[in-house]
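The values are calculated or read from the model by the stated rules, or taken from the named source; none is laboratory data. Please read all numbers here as calculations on a predicted model, not as lab measurements. Cβ placement follows ideal geometry from the backbone for every residue including glycine, while neighbour counts extend to all protein chains displayed. Heavy atoms of the whole protein, side chains included, go into the accessibility calculation; ligands, DNA and RNA do not. Shrake-Rupley method; radii C 1.70, N 1.55, O 1.52, S 1.80 Å.
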Amino acid sequence: MARYYIDVDGLGRHSLDCGEQELPSLRAVRKEAIGVLLEVSRDALGDCDQGELTASVRDGSGRLVFRARLSLMTEWPD
């Protein structure tokens, strides 16, 4: 299995290093990155009316292999 590193950025915060993951495929990389975004968003976006979080996945050599973006926008209807 290959090693990957996931970083989450957004909401004016410094990058959150989610550590090293050993994953068997790029399909697993995608699934893990989305799962990390959903987990982090519960706390990070909880008090916001709008915002965006991005998970960037690098391989063992530091090359970007995947990026996922999660956006939130809330509004009160008229």
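Among the residues of the range 62-78, those identified as open to solvent by 100 Å² or more (accessible area, probe 1.4 Å) and closer than 23 Å to residue 4 by Cβ are 63, 67, 69. Among residues of the range 37-51 that are of a type in the set (A, V, I, L, M), those with a Cβ under 7 angstrom from a residue that is assigned to a loop (DSSP other than H, G, I, E, B) and open to solvent by less than 100 Å² (accessible area, probe 1.4 Å), sequence gap 6+ or separate chain, pair up as 44/11.
Restricted to the range 45-61, and to residues there that are touching a Gly at 6+ places or on another chain (Cβ under 7 Å) and of a type in the set (A, V, I, L, M, F, W, C), the residue that is nearest to residue 1 (Cα to Cα) is 53. The single condition among (1) in a loop (DSSP other than H, G, I, E, B); (2) in contact with a helix residue (DSSP H, G or I) (Cβ under 9 Å, 6 or more places away or on another chain) that residue 65 does not meet is (1). Those residues that are exposed (fewer than 14 other Cβ atoms within 10 Å of the Cβ), out of contact with any strand residue (DSSP E or B) (no Cβ under 6 Å at 6 or more places or on another chain) and part of a strand (DSSP E or B), I need them from the range 1-41; list them, please. Passing the criteria: 13, 14, 19.
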